[in-house]
Amino acid sequence: MTPGVRVADAVSWLLERQSPEGWWFGELETNVTMTAEHVLLLRFLGVSVEPIREGAIAHILGNQREDGSWGLYYEAPADVSTTIEAYAALKVLGVDPNSTPMRKALRVILDLGGAARARVFTKIWLALFGKYPWDGIPTMPPEMIFLPPQVPFNLYDYACWARGTVAPLAVVISHRPTRDLGVPLGEVIVEGTESALHRVQGAGFFWWLDRLVLKSYERSPVKPGRRIARNRLTQWIVERQEADGGWGGIQPPWVYSLIALNLEGMTLDHPVMRKGLDGLSGFSLQDERNGWRLQACMSPVWDTAWAVLALRAAGVPRSHPSIRSAVRWLLDEQITGGGDWQIRCQDPPECGGWAFEFHNDIYPDIDDTALVALALLRGGEGDEVRTALERARKWVVAMRSSNGAWAAFDRDNYRELLYKLPFADFGAFIDPPTEDVTAHVLEMLAGLGSDEHDPAVASGLSYLRATQKSGGNWFGRWGVNHVYGTWCTIAALTALRMGDDMVRRAVAWLVERQNADGGWGETCHSYVDESFAGVGNSTPSQTAWAVLSFQAAGVHAPDSPAYAAYQRGIAYLRDRQQRGTWPEAHYTGTGFPRDFYINYHLYRHLFPMMALANDEALHTRAVTEEPSTALRALGV
């Protein structure tokens, strides 16, 4: 089969999956805690689990490993918190605790230290049902809402995803509720650790502050301002409910907001609660193979922008109906209203950003905005596109942090002091600038005609030079990991036609990390141990990132020292294509480094398709508006 036919197969596969409205989105697969916590949410609110019982059981048990555990990602080590939540949900769903899967799961939990060794969020879920003492949960006083943005530990010190989670949890923890789980769960506590459950884990000043001051305040019958603080937080939460009923477009703020509002007196028939619960159904998926599961998020804007870029790389013209409908949909999704981003953005312009999801207008993000701009540059045309691009450029430049680089959602969200809090044992609490987001912004600015004389470009380049690792690679915040960050940065530097010395070092690093099978891979463990940077089983998406890096850097020519590595990477992608697409079980997307990872189901298709399409364009046809012979056969 010729390379052109392989690209045509991939194009056909992708076009068949476009929605009538113009968007694409692939499943955003995470770990089973999303489904398990949904079961626990329904039980807390008194909603029947019967409609999802069989499907949820199938999903959770279908992801259990042979040793009885569940992990954070494919082939991850056993994770005690994930396993506890899965075990608890299965008991609620009626799975026999004496069954082999349940006995094996309990054995793992006890071997890993039981509930005492779980992360804070798991302990909170247990405490909601009286299975963990509230005095062992770190304090998060709702009075934090009174702190102005200039004072440490104010609500806007937290990244937007953490802010949307901490706000309702402050309400929940202040209530210390206990509702009936319906099943016993004491067996997840290791004998002899009972006293440890009553102590907040940690050390240092903030641990003593929690133990001696905040816990004493919580026990006091007099709490000046507590009622007002809860009311203000409740109002803050309600004001941030999105059109789809959710909060922040992601599961954690959503479920904790529903719990907090319910504790504040909103019954299930209240419009806010009803809208929130109904909206969660839109995040669920069900099929015979994988059962019923809840996605942590949905990624239609991100997926659609990449789909446009992949189709254009394959030679699908701007005039094609699929490109035109995707561009139309993306234009309609541009956000022009305000949001929390205005708190740290002095003299903010009109927003011109895009969010990751269908509905998350309060939290547009810089990474999606840069990518959509690139897609519009490659796939769109006309005055409306030019207006949208200029609006996006102004907003993105205004969101540059004081160190000259860009974060995902906010400006100058640096307060690392938050990680000293006993509460901060899971996830990313802040949103500092990162290499991959900064690179995407620079690539966007290059496409819009900026050069080294643009202060935004100059500062971004300085940041990338300062953050390049000694081996030549870059860290990847939102993709796993150094292969991703290195590809993003090479794409930006070559688009700007700058930083040749950095690119050469980066290409050399990629060549050194190529696997024997011709592909590239990197495990999520590289976030824990950087010696694993670029080390892991080959995957189609990560191999494509390396190949795309070579193509951008010009090492696809036969006289390049890296030509042999490039050819082996192309062969890897060709050999592993199956029925138009590529299989990929490993997680190559990142939610929170060390804690939460994502398997984007379209990554395995979009990036290999782009890499093979670029190779075809480089070797068999000129890059023009004219589609290849294979694509013309498809009617493109």
Look at Gln578 and say whether it is more than 22 Å from Tyr600 (Cα to Cα) and polar (S, T, N, Q).
no
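Filter segment 578-595 for residues that are β-branched (Val, Ile, Thr) and in a strand (DSSP E or B); which is surrounded by the most Cβ atoms within 10 Å (Cβ to Cβ)?
Step one: of segment 578-595, the residues β-branched (Val, Ile, Thr) are 581, 588, 590.
Narrowing further to those that are in a strand (DSSP E or B): 581, 590.
Working: Thr581: 21, Thr590: 23.
So the residue we want is Thr590.
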Please work out which one of (1) of a type outside the set (S, T, N, Q); (2) within 28 Å of Trp70 (Cβ to Cβ); (3) assigned to a loop (DSSP other than H, G, I, E, B) is the condition Ile598 fails and give its number.
(3)
Condition check: aliphatic (A, V, I, L, M), closer than 20 Å to Gly164 by Cα, at pLDDT 95 or above and assigned to a loop (DSSP other than H, G, I, E, B). Does Met273 satisfy that?
no
Quick check on my filter: what residues within segment 544-569 are of a type in the set (Gly, Ala, Ser) and surrounded by 15 or more Cβ atoms within 10 Å (Cβ to Cβ)?
Ala544, Ala546, Ser549, Ala552, Ala553, Ser560, Ala562, Ala565, Gly569
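Scan segment 160-197 residue by residue and report those that are in a loop (DSSP other than H, G, I, E, B) and β-branched (Val, Ile, Thr). Show your work before the answer.
Of segment 160-197, the ones in a loop (DSSP other than H, G, I, E, B) are 176-185, 189-193.
Correct list: Thr178, Val183, Ile189, Val190, Thr193.
Looking at this structure, is Ala76 at negative phi, in contact with an Asp or Glu (Cβ under 9 Å, 6 or more places away or on another chain) and small (Gly, Ala, Ser)?
Numbers: at negative phi: yes; in contact with an Asp or Glu (Cβ under 9 Å, 6 or more places away or on another chain): no; small (Gly, Ala, Ser): yes.
No, not satisfied.
Give me the residue from segment 550-600 that is hydroxyl-bearing (Ser, Thr, Tyr) and touching a residue at least 24 places away in the same chain (Cβ under 8 Å) and, out of that set, nearest to Tyr74 (Cα to Cα). So that I can check it myself, show each step before the final result.
Start the filter on segment 550-600 by keeping residues that are hydroxyl-bearing (Ser, Thr, Tyr), which leaves 560, 563, 566, 572, 581, 587-588, 590, 597, 600.
Then drop every residue that is not touching a residue at least 24 places away in the same chain (Cβ under 8 Å), which leaves 572, 581, 587-588, 590, 597, 600.
Numbers: Tyr572: 21, Thr581: 20, Tyr587: 6, Thr588: 10, Thr590: 13, Tyr597: 9, Tyr600: 13 Å.
Step by step, filter segment 550-600, then rank; the result is Tyr587.
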From the list Tyr158, Tyr132, Tyr87, which one is touching a residue at least 60 places away in the same chain (Cβ under 8 Å), touching a helix residue (DSSP H, G or I) at 6+ places or on another chain (Cβ under 8 Å) and farther than 21 Å from Leu214 by Cβ?
Tyr87
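Would you confirm whether any residue within segment 26-39 is of a type in the set (S, T, N, Q), surrounded by fewer than 22 Cβ atoms within 10 Å (Cβ to Cβ), touching a residue at least 60 places away in the same chain (Cβ under 8 Å) and not in a helix (DSSP H, G or I)? Lay out the reasoning, then the answer.
So in segment 26-39, the residues of a type in the set (S, T, N, Q) come out as 30-31, 33, 35.
Now drop any that are not surrounded by fewer than 22 Cβ atoms within 10 Å (Cβ to Cβ), which leaves none.
Within segment 26-39 (the criterion being of a type in the set (S, T, N, Q), surrounded by fewer than 22 Cβ atoms within 10 Å (Cβ to Cβ), touching a residue at least 60 places away in the same chain (Cβ under 8 Å) and not in a helix (DSSP H, G or I)), the answer is no, since none of the residues qualifies.
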Give Gly265, Gly249 a once-over and let me know the one that is free of Cβ contacts under 8 Å to residues at least 12 places away in the same chain and either touching a Ser or Thr at 6+ places or on another chain (Cβ under 7 Å) or at positive phi (or both).
Gly265
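Which is at pLDDT 95 or above and surrounded by 20 or more Cβ atoms within 10 Å (Cβ to Cβ), of Ala491, Ala508, Ala495? Steps first, answer last, please.
Values: Ala508 fails: surrounded by 20 or more Cβ atoms within 10 Å (Cβ to Cβ); Ala495 fails: surrounded by 20 or more Cβ atoms within 10 Å (Cβ to Cβ).
Going through Ala491, Ala508, Ala495 in turn, the sole match is Ala491.
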Mind checking whether some residue in segment 529-540 is closer than 25 Å to His605 by Cβ, out of contact with any Asp or Glu (no Cβ under 9 Å at 6 or more places or on another chain) and polar (S, T, N, Q)?
no
Having 3 or more residues that are touching a Ser or Thr at 6+ places or on another chain (Cβ under 6 Å) and in the same structural domain as Thr590 (by TED's automatic domain parsing) is the bar; report the helices (runs of 4 or more DSSP H) wholly within segment 282-380 that clear it.
none
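The values are calculated or read from the model by the stated rules, or taken from the named source; none is laboratory data. Everything numeric here is computed off the predicted structure, so don't read it as measured data. Cβ sites come from the backbone with ideal geometry, for glycine too, and all protein chains shown count toward neighbours.
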